[in-house]
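The values are calculated or read from the model by the stated rules, or taken from the named source; none is laboratory data. What you see is a predicted model; the values in this text were computed from it and never measured. Neighbour counts are summed over all protein chains in view; Cβ atoms, including those assigned to glycine, are modelled from backbone coordinates with ideal geometry.
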Amino acid sequence: MATMTMIQALNSAMDVMMERDPNVLVMGEDVGYFGGVFRVTEGLQKKYGLTRCFDTPIAEGGIVATAIGMGAYGIRPVVEIQFADYIFPAYDQLVSEAARIRYRSGGEFWCPITVRSPYGGGIFGGQTHSQSPEAIFAHVSGLKTVIPSNPYDAKGLLIASIEDDDPVIFLEPKRLYNGPFNGHHEEAVVPWSQHPMSEVPEDHYVVPLGKAKIVREGGDVTVLAYGTMVHVALAAVAESGIDGEVIDLRTIVPVDIEAIVASVKKTGRCVIVHEATRTAGFGAELSALVQENCFYHLEAPIERVTGYDTPYPHAFEWEYFVGPARVIAALERVMED
Amino acid sequence: MGHMIRNEPSLSLHIPQPKCRPGDRVDFSTLDLPAAGEARRPDVDTHPDEMHDMAYGLIRVLDDEGRAVGPWDPKLDGQTLRKGLRNMLLTRIFDDRMYRAQRQGKTSFYMKCTGEEAISCAQSLVLHHDDMCFPTYRQQGMLISRGYPIVDMMNQIYNNARDPLKGHQLPILYSARDYGFFTISGNLGTQFPQAVGWAMASAYKGDSRIASAYIGDGSTATMDFHHALTFAAVYRAPVLLNIVNNQWAISSFQGIAGGEATTFAARAIGYGLPALRVDGNDFLAVHAATEWAAERARSNRGATVIEFYTYRVAGHSTSDDPSKYRPADEAEKWPLGDPIERLKQHLIVRGEWSQEDHQALEAELDAEVRAAAKEAESIGTLGKSMPSPKAIFEHVFKEPDWRHIRQRQEAGI
């Protein structure tokens, strides 16, 4: 075991996989000699050579397209898109191609690519470095979407994603790269070393895709969250005094329906938290699933706490960012009914 | 606020227009078509900077009398040429048959490659069986040349119980991994950079396989085209980047894609890639240019951009009506002729073929296509037979997740 930040854990996942499988390579803007703008690929080029971890032109569509071709050959490319905000030029290749190649070829071709990308707010990144586009990938059949919330899960989920034979969108909450963050921006920054999930095995292990984790058991209300919002939800529950059961979804496609249903049937209440804008956000899907599967167990309307339906406004980072106060308010509303 | 009045001419917006529209007299007199044999043949290791002229010329081997002339003559034996002729003819007969099948309501959609057969059929003779082609929907000649069963092409077109793609795909968007034929997208251009990635993977592994990608003149405007050229140049990928310039993108003439200002082959120059511009209706020229580019790729010298200059004789698809936007006799007036007629003439000039041989071959291939159609239609045409509906939920992922299992149960399948 070692103590790792999320950056180190992700780096370790790629290191382990490159060591084990010569077909795993890493490519993206600035990922080679420099090691990535967030240092996630640091040292990989030096250790494995130029052809296994290399820089690409600034052309996200081209990066994903070439990765698809490599995947069809039998390579497992791990692609970095520097910010999730830059992923849109690759959207056609992801949606029309990566997600469809297995289906449209009747299973003849497939595309085992992992597309890593830092996402989410809380870093004063403005509208082009803070977005949470997970729902537009979740909506696409043929893509899996994974979002870790801590170093241990990040490594195990990234290894599972690289080993998966289908395309995986792997969104990394960049606010969590160097430490957990519960939304209390006014408080001192906490390093990962003070968090139990920073204990990470140095070797190979897997956190399976599609499995949620109950990070706090409780009986009053189920709180569904992923990424940075897991930490915000935990803080809100602790501060509210309400006995919330916090579930870290970890994978949003395929989502762990059994864990969600079991918890909501137990608590009878549900609050959904995400950073992304509300309309047609993944919370809408979660809300629908809870309603379809748990309607007769619900004792209050489902609440969503989300980003506002606006672009991410730079000057208003903490007014926009979903913090514990907004989650507490939602918890209190569902407990009134 | 008003505009300032200046003593300058008014600006005007240029909208490219083709020379001829329906009712006009077809005029190809302004096309600059160098004579057969005129183009030089640079060595395969020539630096791209020293062959810019090749992007503006036209490699032609067959002259008007059907003789092979000049440095690009691939010097193929009669047997190889007859094989190429057979594949082109089979492709055309297959196209005609399936076009009629669509008109008879046996399927929803079809696309012919009439006039463009030389490109895929000649290339198939050069490329190895395990090289991967990333085709558009007009490279069926490649599948036919590589010996894919035409009855399975028909089963796919009919989406019947033996459709190899299990009913998942629009007619003619084939996939044949074992025949080096990548799944056709239907979204234009996307395969071009994927081929570069495939070629990069071959180089990464230290293998010897190369990729061959196809794109139309219209789709050279996509970002995918530019991604492909950028990545191919940067990583020196062993790939052939073939532009099939058939003059028309549905109803838009090639000027709408930027063909008025320069050639499509010339796009390569800015990327530092070598370019060849080739008479796409000349089987020998296509063969020779492909050999040049394949040898270059296999010797680790990277990608070549090849513009095949040809003409789309048929409509874009069965949903198109070209008489609405171009003169009806434009195809027959195409100055570079028909690829099948030209290769046939060449073989006759060489004394290795005759009119009788040709008619006999036509009859034989017609019977072959007829027999395959009978077999496919005995299984069923579109809607009369279909793969198991279970297939709806298969191959989304390697294994279905709970949604697919649950939705299949809800559908009662």
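Can you say whether B:Leu188 is in the same structural domain as B:Lys83 (by TED's automatic domain parsing) and either in a loop (DSSP other than H, G, I, E, B) or touching an Asp or Glu at 6+ places or on another chain (Cβ under 7 Å) (or both), as far as the supplied structure shows?
Working: in the same structural domain as B:Lys83 (by TED's automatic domain parsing): yes; either in a loop (DSSP other than H, G, I, E, B) or touching an Asp or Glu at 6+ places or on another chain (Cβ under 7 Å) (or both): yes.
It is true that B:Leu188 is in the same structural domain as B:Lys83 (by TED's automatic domain parsing) and either in a loop (DSSP other than H, G, I, E, B) or touching an Asp or Glu at 6+ places or on another chain (Cβ under 7 Å) (or both).
With the condition kept exactly as written, say whether any residue in the stretch B:227-246 is at pLDDT 95 or above and touching a Lys or Arg at 6+ places or on another chain (Cβ under 6 Å). Working first, answer last.
Initially, the stretch B:227-246 is screened for residues at pLDDT 95 or above, giving B:227-246.
Keeping just the survivors that are touching a Lys or Arg at 6+ places or on another chain (Cβ under 6 Å) gives B:246.
Yes, some residue in the stretch B:227-246 is at pLDDT 95 or above and touching a Lys or Arg at 6+ places or on another chain (Cβ under 6 Å).
Could you look through the stretch A:192-221, keep only residues that are in a loop (DSSP other than H, G, I, E, B) and of a type in the set (A, V, I, L, M, F, W, C), and pick out the one that is surrounded by the fewest Cβ atoms within 10 Å (Cβ to Cβ)?
Initially, the stretch A:192-221 is screened for residues in a loop (DSSP other than H, G, I, E, B), giving A:195, A:201-212, A:217-220.
Adding the requirement that they be of a type in the set (A, V, I, L, M, F, W, C) leaves A:206-207, A:209, A:212.
Numbers: A:Val206: 15, A:Val207: 20, A:Leu209: 22, A:Ala212: 20.
Ranking the candidates gives A:Val206 first.
Any idea which of B:Arg41, B:Arg82 is of a type outside the set (Ser, Thr, Tyr) and closer than 29 Å to B:Gly258 by Cβ? Reasoning before the result, please.
Working: B:Arg82 fails: closer than 29 Å to B:Gly258 by Cβ.
So the residue among B:Arg41, B:Arg82 that is of a type outside the set (Ser, Thr, Tyr) and closer than 29 Å to B:Gly258 by Cβ is B:Arg41.
Kindly indicate which of B:Thr262, B:Thr290 is away from chain A (no Cβ under 14 Å), under 28 Å from B:Arg82 (Cβ atoms) and modelled with pLDDT of 95 or more.
B:Thr290
Would you check if A:Ala315 is more than 30 Å from B:Glu410 (Cβ to Cβ), assigned to a helix (DSSP H, G or I) and in contact (Cβ under 8 Å) with a residue 12 or more places away in the chain? Before you say what the answer is, go through the steps one by one.
Details: more than 30 Å from B:Glu410 (Cβ to Cβ): yes; assigned to a helix (DSSP H, G or I): yes; in contact (Cβ under 8 Å) with a residue 12 or more places away in the chain: no.
So A:Ala315 does not fit the description; no.
Hey, can you tell me all the residues within the stretch B:120-136 that are assigned to a loop (DSSP other than H, G, I, E, B) and either away from chain A (no Cβ under 13 Å) or surrounded by 24 or more Cβ atoms within 10 Å (Cβ to Cβ) (or both)? Outline the logic, then answer.
We begin by selecting, within the stretch B:120-136, every residue assigned to a loop (DSSP other than H, G, I, E, B); these are B:127-131, B:135-136.
B:Leu127, B:His128, B:His129, B:Asp131, B:Pro135, B:Thr136 - these are the residues of the stretch B:120-136 that are assigned to a loop (DSSP other than H, G, I, E, B) and either away from chain A (no Cβ under 13 Å) or surrounded by 24 or more Cβ atoms within 10 Å (Cβ to Cβ) (or both).
Name the single residue that is farthest from A:Met18 (Cα to Cα) among those in the stretch A:64-98 being out of contact with any helix residue (DSSP H, G or I) (no Cβ under 8 Å at 6 or more places or on another chain) and polar (S, T, N, Q).
A:Ser96
In the stretch B:12-23, is there at least one residue being among the basic types (Lys, Arg) and out of contact with any helix residue (DSSP H, G or I) (no Cβ under 8 Å at 6 or more places or on another chain)? Before you say what the answer is, go through the steps one by one.
Narrowing the stretch B:12-23 to residues among the basic types (Lys, Arg): B:19, B:21.
Adding the requirement that they be out of contact with any helix residue (DSSP H, G or I) (no Cβ under 8 Å at 6 or more places or on another chain) leaves B:19, B:21.
Yes - at least one qualifying residue is present in the stretch B:12-23.
Against the conditions (1) in contact with a Pro (Cβ under 8 Å, 6 or more places away or on another chain); (2) within 27 Å of B:Gln359 (Cα to Cα), where does B:Tyr99 fall short? Just the number, please.
(1)
When you go through A:Glu186, A:Glu172 one by one, which is the residue that is out of contact with any Asp or Glu (no Cβ under 9 Å at 6 or more places or on another chain), among the acidic types (Asp, Glu) and in a loop (DSSP other than H, G, I, E, B)?
On the way: A:Glu172 fails: in a loop (DSSP other than H, G, I, E, B).
It is A:Glu186.
Assess whether B:Thr310 counts as being closer than 22 Å to B:His128 by Cα, of a type in the set (Ser, Thr, Tyr), under 15 Å from the mean Cα position of the chain (by Cα) and surrounded by 18 or more Cβ atoms within 10 Å (Cβ to Cβ). Write out each step before concluding.
Values: closer than 22 Å to B:His128 by Cα: no; of a type in the set (Ser, Thr, Tyr): yes; under 15 Å from the mean Cα position of the chain (by Cα): yes; surrounded by 18 or more Cβ atoms within 10 Å (Cβ to Cβ): yes.
Taking the combined requirement at face value, the residue does not satisfy it.
Failed condition for A:Phe109, given (1) part of a loop (DSSP other than H, G, I, E, B); (2) without any contact (Cβ under 8 Å) to a residue 24 or more places away in the chain; (3) over 24 Å from the mean Cα position of the chain (by Cα), with all others met?
Only one criterion is unmet by A:Phe109, namely (2).
For residues that are over 21 Å from A:Thr251 (Cβ atoms), crowded, with 24+ Cβ neighbours inside 10 Å and touching a Lys or Arg at 6+ places or on another chain (Cβ under 7 Å), tally how many sit in the stretch A:122-148.
Filtering the stretch A:122-148 down to residues over 21 Å from A:Thr251 (Cβ atoms) leaves A:122-130.
Next, from what is left, pick out any that are crowded, with 24+ Cβ neighbours inside 10 Å: A:130.
Still in the list and also touching a Lys or Arg at 6+ places or on another chain (Cβ under 7 Å): none.
Residues that pass the stated criteria total 0.
Please go through the stretch A:259-303 and give me each residue that is among the charged types (D, E, K, R) and crowded, with 19+ Cβ neighbours inside 10 Å, ordered by number. I'd like the intermediate steps shown before the answer.
Step one: list which residues in the stretch A:259-303 are among the charged types (D, E, K, R), which gives A:265-266, A:269, A:275, A:278, A:285, A:292, A:299, A:303.
Scanning the stretch A:259-303 gives A:Arg269, A:Glu275, A:Glu303.
Condition (residue is within 11 Å of chain B (Cβ to nearest Cβ) and modelled with pLDDT of 95 or more) applied to the stretch A:112-120: is it met by at least one residue?
Taking the stretch A:112-120 and keeping what is within 11 Å of chain B (Cβ to nearest Cβ), we get A:112-113.
Restricting the remaining residues to those that are modelled with pLDDT of 95 or more gives A:112-113.
Checking the stretch A:112-120: at least one residue is within 11 Å of chain B (Cβ to nearest Cβ) and modelled with pLDDT of 95 or more.
For the stretch B:356-367, state whether one or more residues are more than 14 Å from chain A (Cβ to nearest Cβ) and part of a loop (DSSP other than H, G, I, E, B). Even if it seems obvious, please write down each step before you answer.
Here is the first cut: in the stretch B:356-367, the ones more than 14 Å from chain A (Cβ to nearest Cβ) are B:356-367.
Filter once more, so that each one left must be part of a loop (DSSP other than H, G, I, E, B): none.
Checked the stretch B:356-367: no residue is more than 14 Å from chain A (Cβ to nearest Cβ) and part of a loop (DSSP other than H, G, I, E, B).
Kindly provide the set of residues from the stretch A:124-139 that are part of a loop (DSSP other than H, G, I, E, B) and either without any contact (Cβ under 8 Å) to a residue 60 or more places away in the chain or within 14 Å of chain B (Cβ to nearest Cβ) (or both), ordered by number. Lay out the reasoning, then the answer.
Residues of the stretch A:124-139 that are part of a loop (DSSP other than H, G, I, E, B), as a first pass: A:124-125, A:129-133, A:139.
The answer is A:His129, A:His139.
Of all the residues that make up the stretch A:149-205, how many are in contact (Cβ under 8 Å) with a residue 60 or more places away in the chain and of a type in the set (A, V, I, L, M)?
Within the stretch A:149-205, residues that are in contact (Cβ under 8 Å) with a residue 60 or more places away in the chain and of a type in the set (A, V, I, L, M) number 9.
Of the residues B:Gly180, B:Gly189, B:Gly141, only one is on the phi > 0 side of the Ramachandran plot, within 13 Å of the chain's Cα centre (by Cα) and either modelled with pLDDT of 95 or more or away from chain A (no Cβ under 13 Å) (or both); which?
Working: B:Gly180 fails: within 13 Å of the chain's Cα centre (by Cα); B:Gly141 fails: on the phi > 0 side of the Ramachandran plot.
Matching residue, one of B:Gly180, B:Gly189, B:Gly141: B:Gly189.
Is it the case that the stretch A:285-301 has a residue that's more than 22 Å from A:Ile242 (Cα to Cα), touching a strand residue (DSSP E or B) at 6+ places or on another chain (Cβ under 9 Å), charged (D, E, K, R) and not assigned by TED's automatic domain parsing to the domain that holds A:Arg175?
Looking through the stretch A:285-301, at least one residue is more than 22 Å from A:Ile242 (Cα to Cα), touching a strand residue (DSSP E or B) at 6+ places or on another chain (Cβ under 9 Å), charged (D, E, K, R) and not assigned by TED's automatic domain parsing to the domain that holds A:Arg175.
Would you confirm whether or not the stretch A:222-232 contains a residue that is among the small types (Gly, Ala, Ser) and outside the structural domain of A:Pro133 (by TED's automatic domain parsing)? Please lay out each step first, then the result.
Applying the first criterion (among the small types (Gly, Ala, Ser)) to the stretch A:222-232 yields A:225, A:227.
Narrowing further to those that are outside the structural domain of A:Pro133 (by TED's automatic domain parsing): A:225, A:227.
Scanning the stretch A:222-232, I find at least one residue that is among the small types (Gly, Ala, Ser) and outside the structural domain of A:Pro133 (by TED's automatic domain parsing), so the answer is yes.
Quick check on B:His395: is it farther than 27 Å from B:Arg21 by Cα, in the same structural domain as B:Pro171 (by TED's automatic domain parsing) and touching a Gly at 6+ places or on another chain (Cβ under 7 Å)?
Numbers: farther than 27 Å from B:Arg21 by Cα: yes; in the same structural domain as B:Pro171 (by TED's automatic domain parsing): no; touching a Gly at 6+ places or on another chain (Cβ under 7 Å): yes.
Answer is no for this residue.
Scan the stretch B:332-350 and tell me whether some residue there is loosely packed, with under 14 Cβ neighbours inside 10 Å and within 28 Å of B:Met154 (Cα to Cα).
Looking for residues that are loosely packed, with under 14 Cβ neighbours inside 10 Å and within 28 Å of B:Met154 (Cα to Cα), one finds at least one in the stretch B:332-350, hence yes.
So how many residues does the stretch A:278-313 have that are of a type in the set (Phe, Trp, Tyr) and within 18 Å of the chain's Cα centre (by Cα)? Break it down stepwise before answering.
Within the stretch A:278-313, the subset of a type in the set (Phe, Trp, Tyr) is A:282, A:295-296, A:308, A:312.
Checking the rest, the ones that are also within 18 Å of the chain's Cα centre (by Cα) come to A:282.
So the count comes out to 1.
All but one of (1) outside the structural domain of A:Met18 (by TED's automatic domain parsing); (2) of a type in the set (Val, Ile, Thr); (3) surrounded by fewer than 22 Cβ atoms within 10 Å (Cβ to Cβ) hold for A:Ile247, so report the exception by its number.
All conditions pass for A:Ile247, except number (3).
Name the residue that is nearest to B:Val244 (Cα to Cα), counting only residues in the stretch B:211-225 that are facing chain A (nearest Cβ under 8 Å) and free of Cβ contacts under 8 Å to residues at least 60 places away in the same chain. Walk me through how you get there before you give the answer.
So the first thing to find is which residues in the stretch B:211-225 are facing chain A (nearest Cβ under 8 Å), and the list is B:211, B:223-224.
After this cut, where a residue has to be free of Cβ contacts under 8 Å to residues at least 60 places away in the same chain as well, the list is B:223-224.
Details: B:Met223: 17, B:Asp224: 15 Å.
The extreme case among them is B:Asp224.
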